[in-house]
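**Student:** Mind looking over this structure? Questions follow.
The values are calculated or read from the model by the stated rules, or taken from the named source; none is laboratory data. Here the structure is a predicted model, which is why all the values come from computation and not from measurement. Ideal geometry is used to build each Cβ from the backbone, glycine not excepted, and the neighbour counts take in all protein chains shown. The area values use the complete protein model at the heavy-atom level, side chains included, leaving out ligands, DNA and RNA. Shrake-Rupley method; radii C 1.70, N 1.55, O 1.52, S 1.80 Å.
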Amino acid sequence: MTTASTTHHAPGSPDPALRDALSTRPAPPRASALSASVTFARRALLKIKHVPEQLADAIMIPVLFTVMFTYLFGGAMVGSTREYLQFLLPGTMVFAVLLITVYAGVNLKSDITSGVIDRFRSMPIWRPALIVGGLISDAARNLLAAGLVVALGLAMGFRPDGGVTGVLSAIALVLVFAFGLSWVWATLGLLLRTPSAISAVSFLVQFPLTFASNVFVDPRTMPGWLRAFVEVNPVSLLVDAVRGLMHGTAQPGQIGGVLIAAGLLVAVFGPLTMRLYRTRT
């Protein structure tokens, strides 16, 4: 005959089995805002690693527009594809990077619609880390697009008078402005209903602003009414500063104007994005 042993514990004291299952180690400290943001940036980059098709735009847009416009229009416009490339390449770098800034809103909306953002809200982390981390990963995507344009241009015969310093400064300026613009798309990612709607709005806004600029042609050849718009177009102002840096003719006012514009975008749309994120997710 077997008698089952029963372990008794005093009333009010914790169950020994439960006590043994609980960890006696102190709870880990809460991740800092920077650490949480870097973690979400790494998450976004890992998604690209497993789904490399996400880089299709960052690769194809720089290659397609740099090669196509150089060899299709270079001879007709200035009589030499190599000479036209010196004018075109700074513009196509701006064009390529600005087009893919829309991913800031598309990826955010994808996280919202998939429901994964609800899991993140239950974690003891800095809440804006998801957005900030996404913008950090987008900067890597933008850097890839800018680097591809420059590398391809050098192979095709682009020779910047500003040297390495001018080219690196131009890339940095484009990335700063792209960071500011990304906050606009992040705001739309919280306002619009689907990722495809954000892409459609981006197409309707960015293509007119980009083509009605000085990216591809000199505004002096345009009608007066169109030239007046092109000269105040923010894309044109950015392209002027980038061209100046690459060719060693940049004026402090050009660079300062772009930095001020980028700062205003962050100052206006950054807090608006955070407010919407707290109230709509």
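**Student:** Every residue in the range 37-67 that is without any contact (Cβ under 8 Å) to a residue 24 or more places away in the chain, open to solvent by 60 Å² or more (accessible area, probe 1.4 Å) and within 22 Å of ILE171 (Cβ to Cβ), please.
**Tutor:** Once the filter is applied, which keeps residues that are without any contact (Cβ under 8 Å) to a residue 24 or more places away in the chain, open to solvent by 60 Å² or more (accessible area, probe 1.4 Å) and within 22 Å of ILE171 (Cβ to Cβ), the range 37-67 yields MET60, LEU64.
**Student:** Can you tell me which residue among GLY147, GLY115, GLY91 is out of contact with any strand residue (DSSP E or B) (no Cβ under 6 Å at 6 or more places or on another chain), closer than 26 Å to THR210 by Cα, open to solvent by 10 Å² or more (accessible area, probe 1.4 Å) and of a type in the set (Gly, Ala, Ser)?
**Tutor:** Residue meeting the stated conditions: GLY147.
**Student:** Quick test for you: out of ARG280, ARG243, ARG275, pick the one residue that is basic (Lys, Arg) and either within 23 Å of PRO219 (Cβ to Cβ) or open to solvent by less than 70 Å² (accessible area, probe 1.4 Å) (or both).
**Tutor:** ARG243
**Student:** Within the range 188-214, how many residues turn out to be open to solvent by 50 Å² or more (accessible area, probe 1.4 Å), of a type outside the set (A, V, I, L, M) and over 23 Å from TRP225 (Cα atoms)?
**Tutor:** Summing the residues that are open to solvent by 50 Å² or more (accessible area, probe 1.4 Å), of a type outside the set (A, V, I, L, M) and over 23 Å from TRP225 (Cα atoms) in the range 188-214 gives 5.
**Student:** For ARG121, only one of the following conditions fails: (1) over 18 Å from PRO234 (Cβ atoms); (2) surrounded by 19 or more Cβ atoms within 10 Å (Cβ to Cβ); (3) touching a residue at least 40 places away in the same chain (Cβ under 8 Å). What is its number?
**Tutor:** Of the numbered conditions (1) over 18 Å from PRO234 (Cβ atoms); (2) surrounded by 19 or more Cβ atoms within 10 Å (Cβ to Cβ); (3) touching a residue at least 40 places away in the same chain (Cβ under 8 Å), the odd one out for ARG121 is (2).
**Student:** Now, a different point. Consider the range 71-87. How many of its residues are without any contact (Cβ under 8 Å) to a residue 40 or more places away in the chain and under 13 Å from PHE216 (Cβ atoms)?
**Tutor:** 5
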